[in-house]
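*Asks:* First the structure, then my questions, so here it is.
The values are calculated or read from the model by the stated rules, or taken from the named source; none is laboratory data. Quick caveat, the model's predicted, so the values are computed rather than measured. Reconstructed Cβ throughout: ideal geometry from the backbone, glycine too, with neighbour counts over all protein chains shown. To get the accessible areas, we keep the full protein, side chains included, count just its heavy atoms, and leave off ligands, DNA and RNA. Shrake-Rupley method; radii C 1.70, N 1.55, O 1.52, S 1.80 Å.
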Amino acid sequence: MKRVLAALTGMLLLAYGSVSSAAPIEAYAHLPLVTDMRLSDDGTTVAYVSTQRDAARIAVVQLDGTVLQQVDLGNTKVRVLDWAGPDHVLIYTSTTSGIQDLFMVGEMWQVVSLNIRTGNAVQLINRVHGGMTSYTNVIFGAVVYGHHDGEPMAFAMTYAGGVRSMQEGRIDIVRVDLDTGVAEPHQMGSKDTEGFLIDSSGVAVATTEYDDDHRQWTLRVRDGNGWRTAMTQSAEIERPELEGFSADGNSAILAMWNEDLQVWLYHPVSLATGQVGDAVGPEASTGLVQDHQQRTIGYARTENFTTYSFNDPAQAATWRRVVDTFPNREINLINATPDFAKLLVYVEGTGYAGNYFVFDTATGRMRQIARAYPDIPSADIAEVRAITYKAADGLDIPAYLTLPVGRDPTSLPLVVLPHGGPQSRDWARFDWIAQGIASRGYAVLQPNFRGSSGYGGRFVDAGHGEWGRKMQTDLSDGVAYLAGRGIVDPQRVCIVGASYGGYAALAGVTLQHGIYRCAVDMEGISDIPAFLSWRVGRSGERSSSVRYWARFLGVDRYDDPSLRGLSPINAIGGDAAPILIIHGRDDTVVPFAQSSSMLRALQNAHRPVEMVELQQEDHWLSRDATRLQALRATVAFLEQHNPPGAAPPH
């Protein structure tokens, strides 16, 4: 607890200081000491997660330092915190598990309600009262806080039906007592229900359905006579999503794909008439800013940094004051009081590894209250530069280059670190893997290769059919760009990646040759046909999930024979670059067999290979001990095969 209080630097202020050498690798690898902080609606109290050596603790602390509650949850994987009114904090957790005859093994989300006055903590949906329907205690989507018959209540979506087949069941809403966890049926769904939009009175005002077999998406809104169909359309893969309410609460906000502009736009849907209105907000918006009642007060956009625009001029002026305090930093608005009098913000970038601040609008005071990585001095946080280079076909590839502290950016050893997804992206924020590797003396390149999100639909489309092809050469084109400017030594390059990035790492030393001295694959795909067959087994051959992967891979069928040629497991001959494979045993996104099969194939081919199995670890490196194990193994492997000091012999 002493270390936690030390991290709360607004209460026990710590001075930043420079150090003569980099912080130990453990400082980067450990889970953040303070995460998921949320500010109460009255602006007096914060709730947060503190994790030390895989032991999670929930703390509720007033800004004057008074500790209201602490709850130890052991090695529970805490994912999110949220306030449910003034007296309760909702604790979202996940477990790698399955439910016989209903759910295959995956991450099952559950919620615990903590009463901050009494210290009582109960799991939501621990019992069901009333009705004949049976429910799981697995939560789908966010729990909504509201009232029913004047009593504070949580409204949650969960699986229902009392049947022995997921295909025959449905998603319902239950209302749950925050102090007992007892649930009651509230709103019935159907087997095609995706989700509901619930207002603060507990009324489900809109719902969406998706028929995967017929690829038909439907939006319904509630009126005095029941449910009215407001919109229906064919949807092969992408489909509209309910995102919340308009600022006045009279409309639902629907995110819809605009084919002409190749962007997602936000449209209001009148809850009175069901009419879909013209798009609102800036065209380049990538997210909504919402208050505690899910009402839209602004819009977010992510380029190199996240920027916000607000509907209210006074709120916009307040946010400008925040931004002016941290120029050229990634600043995220976590939440704010309903009157915008106090804001909780999270700052990353040069000098900041993830620091929480509370801004008081009336006084203009910006108060630091916690540091996610208190063991990393600000001087050890490496500079992250936004760069753009040309791919071989002329496409502009945005990327981020992290440069090691205290080294001249000339002829540096390089680690290419492609992101997962692949329809995801990197941006200019603190990345613990990139910063940990850079702290050992390496430059780190994070390319947003074609197919990455955040740059419009055409950039994503450019990646379709280019898996293992131009998506791969986009990475090595970045190596050539940096080498051509003398920043890196092209003979001292390795590649490290997780998930899709793990595939790219394997492909970099199997499908490509002579570029990388070594590769580190974390839970990557090695055998694409086997992976897709596994996906089909989980969701069916006709599912939108399988169609998504087939589109990215550029095939019409999941069993297309051409996919063998894109699989690293079938391209082991030739290059003898050493490979390190790291994989969690509890991975439910990329099966562990993808790595164990690759290991055997490399061993049979007498290729230099090592493997680290992470026990009780999922796809996201959620455990402190195994996260540390993974980064230690990665750095040791890089230092062995691509030393950061003097150039090794070629």
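*Asks:* Looking only at region 319-348, count how many residues are touching a Leu at 6+ places or on another chain (Cβ under 8 Å) and open to solvent by less than 20 Å² (accessible area, probe 1.4 Å).
*Replies:* Of the residues in region 319-348, 6 are touching a Leu at 6+ places or on another chain (Cβ under 8 Å) and open to solvent by less than 20 Å² (accessible area, probe 1.4 Å).
*Asks:* Restrict the check to region 202-209 and report whether at least one residue is free of Cβ contacts under 8 Å to residues at least 40 places away in the same chain, surrounded by fewer than 19 Cβ atoms within 10 Å (Cβ to Cβ) and among the aliphatic types (A, V, I, L, M).
*Replies:* Looking through region 202-209, at least one residue is free of Cβ contacts under 8 Å to residues at least 40 places away in the same chain, surrounded by fewer than 19 Cβ atoms within 10 Å (Cβ to Cβ) and among the aliphatic types (A, V, I, L, M).
*Asks:* Taking region 460-507 as the search range and keeping residues that are without any contact (Cβ under 8 Å) to a residue 12 or more places away in the chain and part of a helix (DSSP H, G or I), which one is surrounded by the fewest Cβ atoms within 10 Å (Cβ to Cβ)?
*Replies:* Top of the filtered list is G484.
*Asks:* Further question on the same structure: Based on this model, can you work out whether V520 counts as open to solvent by less than 10 Å² (accessible area, probe 1.4 Å) and under 23 Å from the mean Cα position of the chain (by Cα)?
*Replies:* Criteria met by V520.
*Asks:* Any residue in region 179-191 that is farther than 23 Å from R220 by Cα and acidic (D, E) sitting within a Cβ distance under 7 Å of a residue that is open to solvent by less than 30 Å² (accessible area, probe 1.4 Å) and at pLDDT 90 or above? List the pairs, counting only those 6 or more apart or interchain.
*Replies:* D179/N115; D179/V122; E184/V174
*Asks:* L178 passes all but one of (1) open to solvent by less than 40 Å² (accessible area, probe 1.4 Å); (2) part of a strand (DSSP E or B); (3) among the hydrophobic types (A, V, I, L, M, F, W, C); which number fails?
*Replies:* (2)
*Asks:* Also, quick follow-up: Condition test on S545, is it surrounded by fewer than 18 Cβ atoms within 10 Å (Cβ to Cβ), within 24 Å of the chain's Cα centre (by Cα) and in a helix (DSSP H, G or I)?
*Replies:* Criteria met by S545.
*Asks:* Then there's this: Going by what's in this entry, would R607 be described as in contact with a helix residue (DSSP H, G or I) (Cβ under 8 Å, 6 or more places away or on another chain), modelled with pLDDT of 90 or more and of a type in the set (D, E, K, R)?
*Replies:* Numbers: in contact with a helix residue (DSSP H, G or I) (Cβ under 8 Å, 6 or more places away or on another chain): no; modelled with pLDDT of 90 or more: yes; of a type in the set (D, E, K, R): yes.
Criteria not met by R607.
*Asks:* May I pose another question? Give R627, R600, R557 a once-over and let me know the one that is open to solvent by 50 Å² or more (accessible area, probe 1.4 Å) and either in contact with a strand residue (DSSP E or B) (Cβ under 9 Å, 6 or more places away or on another chain) or under 26 Å from G463 (Cα atoms) (or both).
*Replies:* Testing whether each residue is open to solvent by 50 Å² or more (accessible area, probe 1.4 Å) and either in contact with a strand residue (DSSP E or B) (Cβ under 9 Å, 6 or more places away or on another chain) or under 26 Å from G463 (Cα atoms) (or both) leaves just R557.
*Asks:* Being open to solvent by less than 40 Å² (accessible area, probe 1.4 Å), more than 22 Å from Y346 (Cβ to Cβ), part of a helix (DSSP H, G or I) and not acidic (D, E) is true for just one of I437, I433. Which residue is that?
*Replies:* Unique residue meeting the criteria: I437.
*Asks:* Please work out which one of (1) open to solvent by 10 Å² or more (accessible area, probe 1.4 Å); (2) touching an Asp or Glu at 6+ places or on another chain (Cβ under 7 Å) is the condition R425 fails and give its number.
*Replies:* (2)
*Asks:* I'm trying to understand the selection: among the residues of region 1-22, which are surrounded by fewer than 20 Cβ atoms within 10 Å (Cβ to Cβ) and either at pLDDT 50 or above or closer than 22 Å to Q629 by Cβ (or both)?
*Replies:* R3, S21
*Asks:* Name the single residue, out of those in region 160-175 being of a type outside the set (A, V, I, L, M) and out of contact with any Asp or Glu (no Cβ under 8 Å at 6 or more places or on another chain), that is modelled with the highest pLDDT.
*Replies:* D172
*Asks:* Could I ask something else about it? Would it be correct to say that L265 is touching a residue at least 24 places away in the same chain (Cβ under 8 Å) and assigned to a strand (DSSP E or B)? Working first, answer last.
*Replies:* Numbers: touching a residue at least 24 places away in the same chain (Cβ under 8 Å): no; assigned to a strand (DSSP E or B): yes.
Considered against the rule, which asks whether it is touching a residue at least 24 places away in the same chain (Cβ under 8 Å) and assigned to a strand (DSSP E or B), L265 comes out as no.
*Asks:* Also, quick follow-up: Identify, please: which residue in region 38-65 is over 26 Å from the mean Cα position of the chain (by Cα) and among the small types (G, A, S) and is, among those, most open to solvent (accessible area, probe 1.4 Å)?
*Replies:* G65
Let's see how each residue does on (1) small (G, A, S); (2) modelled with pLDDT of 95 or more; (3) within 16 Å of L482 (Cα to Cα); (4) touching a helix residue (DSSP H, G or I) at 6+ places or on another chain (Cβ under 6 Å):
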position	(1), (2), (3), (4)
T361	no, yes, no, yes
A382	yes, no, no, yes
D396	no, yes, yes, no
L401	no, yes, yes, no
A443	yes, yes, yes, no
N448	no, yes, yes, no
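*Asks:* If you don't mind, another one. Just to verify a result, which residue in region 228-257, among those that are outside any strand (DSSP E or B) and polar (S, T, N, Q), is most open to solvent (accessible area, probe 1.4 Å)?
*Replies:* Taking region 228-257 first, the residues outside any strand (DSSP E or B) are 235-240, 246-250.
Then drop every residue that is not polar (S, T, N, Q), which leaves 246, 250.
Details: S246: 17, N250: 96 Å².
Looking at residues that are outside any strand (DSSP E or B) and polar (S, T, N, Q), I get N250.
*Asks:* Provide a single number: the residues in region 395-409 that are part of a loop (DSSP other than H, G, I, E, B) and open to solvent by 40 Å² or more (accessible area, probe 1.4 Å).
*Replies:* 6
*Asks:* Evaluate the following for Y373: is it touching a residue at least 24 places away in the same chain (Cβ under 8 Å) and in contact with a helix residue (DSSP H, G or I) (Cβ under 7 Å, 6 or more places away or on another chain)?
*Replies:* In short, yes.
*Asks:* Here's a follow-up. Where the second residue is part of a loop (DSSP other than H, G, I, E, B) and small (G, A, S) and the first is without any contact (Cβ under 8 Å) to a residue 60 or more places away in the chain and open to solvent by 50 Å² or more (accessible area, probe 1.4 Å) and lies in region 112-140, which pairs have Cβ atoms under 8 Å and are six or more apart or on separate chains?
*Replies:* Q123/G181; N126/G181; R127/G181; V128/S134; M132/G162; S134/G161; S134/G162
*Asks:* Listed residues S190, S200; which is of a type in the set (G, A, S), within 25 Å of R127 (Cα to Cα), within 28 Å of the chain's Cα centre (by Cα) and in a loop (DSSP other than H, G, I, E, B)?
*Replies:* Result of the check over S190, S200: S200.
*Asks:* Next up: Evaluate the following for L580: is it among the hydrophobic types (A, V, I, L, M, F, W, C), surrounded by 14 or more Cβ atoms within 10 Å (Cβ to Cβ), outside any strand (DSSP E or B) and modelled with pLDDT of 95 or more?
*Replies:* So L580 fails the test.
*Asks:* Return yes or no: is Q290 of a type in the set (S, T, N, Q), in contact (Cβ under 8 Å) with a residue 24 or more places away in the chain and farther than 28 Å from G85 by Cβ? Steps first, please.
*Replies:* Values: of a type in the set (S, T, N, Q): yes; in contact (Cβ under 8 Å) with a residue 24 or more places away in the chain: yes; farther than 28 Å from G85 by Cβ: no.
No: the conditions fail for Q290.
*Asks:* Let me ask you something else. Considering region 211-226 alone, what residues qualify as being at pLDDT 90 or above and under 21 Å from H186 (Cα atoms)?
*Replies:* Result: L219, R220, V221, R222.
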